[in-house]
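The values are calculated or read from the model by the stated rules, or taken from the named source; none is laboratory data. Just so it is clear, the structure is predicted and the values come from calculations on it, not from any experiment. Quick reminder, even Gly has a Cβ in these numbers, built from the backbone with ideal geometry, and neighbours come from all protein chains shown.
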Amino acid sequence: MVKSVYIHIPFCKSKCKYCSFISYTELDKIEEYINCLSKEISDVYKGEKLDTLYFGGGTPSLVPTGLLNKIIKIFNFTENPEITIEINPDDVEESYLKTLFNLGFNRMSIGSQTFDDNILKLIGRRHESKDIIEAVILAKKAGFKNISVDLIYGLPTQTIRGVKNDLEKFVELGIQHVSTYGLKIEEESFWGKNPPAIPDDDMQADMYIEINNFLEKRGFYRYEISNFALKGFESRHNLNYWNNNEYYGFGASAHGYLEGVRYSNECDLDKYLLNPIHPVTFNRLTAQEKLEEEIFLGFRKTSGINIKEIQNKFGIYFGSKYKEILDKYKSYIEKTPAGYRLNLQGVLISNLILSEFLSDT
Ligand code: SF4
């Protein structure tokens, strides 16, 4: 039974230099977009009770609360759903956040990235560090008790000391969750064509280790390769992805996974507005592909993969089928009561290790 929905809001006031997400600056089309979105949802959604609903972007906080409400009202929910919205620190007002909270949003993800004002400018963010502080204070005042912040590491001119400084400020603000992103220069981004000098891979790895050490000393734990939370504040929505469960994806460029089919929607805004109903790509997963995804996604979690579940779903004995790889990487893969997981050193070379599992399946 599907219990999660992702909704993509593809609008931003401007484009950050590292960003390769689909987003448009034609804010005058937001209302028309929400109308199309509501059409798409009504046509596809079968009324399941949702455990998680996530508005991502783009910048969902550009959407007026009345229009967000129009979308939320379509869904049915379990008793205690997690409803998340991503917000940009530069466009939040107290009354807006209060209304969001009253509409049922109970988790906020703030696109903060760093506290270094020079770097924020360099990467094309519209906000300054003071706006992050303001956003967290206002969110708490509005009633939010589950607040996540984004941190990008490996940015131009960034140092390990700078990353630590960012984390200190975040923790002082009393947030519950940190999502980290190691900067990769994507071809489709502004920097894809004009690449800046960035810290090398070794420095990025050192930053990642520092993030782990710092946050773990302050009560956060890494529950997924890039995500840290206080106990009880793990993102239920993202765990649904990593647990390889199905979900609806609505909106331009959204991806979904339903009845064994991974699909993606039209990316072009105008084409989506003309016909919001039909996904443009479909991939019905073979049993082999499902197994690969189970392994790939499972190893992202600190709890790792569950060999009993894999045996039940795919009829294979993980330990014997992959013995060679498990032996080869025995200093990077740990046994857990339920299966196997990557240790911190294993996470640093996870691409290499996981590619071996995939080519071996
Ligand atoms: S990083 Fe976020 S705010 Fe910046 S352009 Fe991309 S989606 Fe928009």
Test for Thr99: is it among the polar types (S, T, N, Q), within 16 Å of the ligand (Cβ to nearest atom) and either surrounded by fewer than 22 Cβ atoms within 10 Å (Cβ to Cβ) or over 23 Å from Phe77 (Cα atoms) (or both): no
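Quick check on Ile71: is it assigned to a strand (DSSP E or B) and touching a strand residue (DSSP E or B) at 6+ places or on another chain (Cβ under 7 Å)?
Working: assigned to a strand (DSSP E or B): no; touching a strand residue (DSSP E or B) at 6+ places or on another chain (Cβ under 7 Å): yes.
No: the conditions fail for Ile71.
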Residues that are farther than 15 Å from Leu120 by Cα and out of contact with any Phe, Trp or Tyr (no Cβ under 7 Å at 6 or more places or on another chain), drawn from region 162-176: Glu168, Phe170, Val171, Glu172, Leu173, Gly174, Ile175
Boolean, Val178 is under 23 Å from Thr302 (Cα atoms), modelled with pLDDT of 95 or more and surrounded by 19 or more Cβ atoms within 10 Å (Cβ to Cβ): yes
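Yes or no, residue by residue, for (1) more than 29 Å from Asn227 (Cβ to Cβ); (2) buried (at least 18 other Cβ atoms within 10 Å of the Cβ); (3) touching a Cys at 6+ places or on another chain (Cβ under 9 Å); (4) touching a residue at least 12 places away in the same chain (Cβ under 8 Å):
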site	(1), (2), (3), (4)
Gly251	no, yes, yes, yes
Glu259	no, no, no, yes
Ser264	no, no, no, yes
Asp268	yes, no, no, yes
Lys271	yes, no, no, no
Pro279	no, yes, no, yes
Leu285	no, no, no, yes
Gln288	no, no, no, yes
Leu297	no, no, no, yes
Residues (within 16 Å of the ligand (Cβ to nearest atom) and of a type in the set (Asp, Glu)) located in region 1-56: Glu26
Which numbered condition Ile325 misses (of (1) surrounded by 14 or more Cβ atoms within 10 Å (Cβ to Cβ); (2) assigned to a strand (DSSP E or B)): (2)
Evaluation of Gly111 against (1) at pLDDT below 95; (2) under 19 Å from Tyr18 (Cβ atoms) (one fails), failing number: (1)
Subset of region 1-34 (residues that are farther than 21 Å from Lys271 by Cβ, over 16 Å from the mean Cα position of the chain (by Cα) and β-branched (Val, Ile, Thr)): Val2
Search result, residues across region 325-361 that are farther than 26 Å from Tyr208 by Cβ and at pLDDT below 95: Asp360, Thr361
Extreme residue, nearest to Lys290 (Cα to Cα), among residues of region 302-361 that are in contact (Cβ under 8 Å) with a residue 40 or more places away in the chain and of a type in the set (Val, Ile, Thr): Thr361
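When the residues of region 116-130 are filtered to those that are of a type outside the set (Ser, Thr, Tyr), touching a strand residue (DSSP E or B) at 6+ places or on another chain (Cβ under 9 Å) and touching a residue at least 12 places away in the same chain (Cβ under 8 Å), which remaining residue is farthest from the ligand (Cβ to nearest atom)? Before you say what the answer is, go through the steps one by one.
In the first step, residues of region 116-130 are kept if they are of a type outside the set (Ser, Thr, Tyr); the result is 116-128, 130.
Narrowing the set further to residues that are touching a strand residue (DSSP E or B) at 6+ places or on another chain (Cβ under 9 Å) leaves 119-120, 123, 125, 127.
With touching a residue at least 12 places away in the same chain (Cβ under 8 Å) added as a condition, the list becomes 119, 123, 125, 127.
On the way: Ile119: 14, Ile123: 9, Arg125: 7, His127: 9 Å.
Looking at the filtered set, the residue picked out is Ile119.
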